[in-house]
Structures are given as C-alpha cells and as structure tokens.
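The values are calculated or read from the model by the stated rules, or taken from the named source; none is laboratory data. Computed from a prediction, not measured in an experiment: that's the story for all the values here. In this analysis, Cβ positions are derived from the backbone assuming ideal geometry, glycine residues included, and neighbour counts consider all displayed protein chains.
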Amino acid sequence: MSNAQALSWLESDAPDIALLDVMIRDGTSVEIARELKSRGIPFVIYSGLPPKKGGPPELQNVPWLEKPISRETLAAVLEDLVTKPHGPAIQERENRSGQQPKSL
C-alpha cells in the first residue's frame with residue numbers, strides 16, 4: 001500500500017490499531033503515522049530498520065518491533081495496544097529469540 005492509498009482510506013475509515021512498516025512503496029510511513037497520532041489511533045512500527053533517536057516525532061514513543069520477530073511477540077504487543085485505552089504502554093516482552101519491543 002502507498003501513502004496516498006493509506007491516507008485516502010483513512011479519510012473514510014478508522015482502524016482500532018495499525019501496524020506500520022517505516023519504508024513503504026512510495027517512501028516512508030511518517031505521514032500515515034502523523035494522521036494516526038492526530039486521531040489517537042494506536043500503532044506499532046514493524047520494520048527491518050532499527051529505531052533512531054532523534055527521528056521524526058511521529059515515530060517517537062510508539063512500540064518498535066524490528067524484523068524478524070515472532071508471531072507471539074507481535075500478537076502480544078498488538079494486544080497491549082488494544083487493551084491500553086490511554087495510549088500504548090511498552091512492556092518488555094521477550095520472544096523465543098530474546099528480542100524485545102523497542103521504543104524511541
């Protein structure tokens with residue numbers, strides 16, 4: 001999906017939660033993250049790139065999962081987003097390989 005497609009979809013729809021990759025077909029997902037944050041929609045970054053301090057503010061203070069990650073860890077982080085009504089709280093979780101969700 002491209003930025004334009006995602007932003008167009010968001011004009012008439014609202015997800016409960018979202019899973020974003022930083023790099024998408026036509027650039028980065030920063031614009032999508034900005035829209036989600038402005039609407040209070042929690043999201044997780046799921047990327048092959050590591051988190052960067054000093055990165056875009058739209059990508060700050062959100063769970064960041066670096067690929068590859070187990071399905072169990074992904075599911076647990078998404079479940080946390082759904083069950084935390086006041087924004088995502090990062091809980092340290094280890095999957096089988098010892099990876100943990102990161103935040104900036």
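Before moving on, here are some points about what is shown:
- Only one of SER47, SER29 that is closer than 23 Å to ALA75 by Cα, touching a strand residue (DSSP E or B) at 6+ places or on another chain (Cβ under 6 Å) and free of Cβ contacts under 8 Å to residues at least 60 places away in the same chain: SER29
- Of the residues making up region 10-50, just one is among the basic types (Lys, Arg) and buried (at least 18 other Cβ atoms within 10 Å of the Cβ), namely LYS37.
- When region 1-30 is filtered for residues that are part of a loop (DSSP other than H, G, I, E, B) and β-branched (Val, Ile, Thr), the ones remaining, listed by number, are ILE17, VAL22.
Conditions (1) modelled with pLDDT under 95; (2) among the polar types (S, T, N, Q); (3) outside any strand (DSSP E or B), marked per residue:
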| residue | (1), (2), (3) |
| --- | --- |
| ILE32 | no, no, yes |
| ILE45 | no, no, no |
| PRO51 | yes, no, yes |
| VAL62 | yes, no, yes |
| LEU65 | no, no, no |
| ILE90 | yes, no, yes |
| GLN100 | yes, yes, yes |
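- LYS67 being free of Cβ contacts under 8 Å to residues at least 60 places away in the same chain, at negative phi, in contact with a Gly (Cβ under 9 Å, 6 or more places away or on another chain) and surrounded by fewer than 12 Cβ atoms within 10 Å (Cβ to Cβ): yes
- Exclusive hit being farther than 17 Å from ALA18 by Cβ, of a type in the set (D, E, K, R) and modelled with pLDDT under 90, set GLU72, GLU94: GLU94
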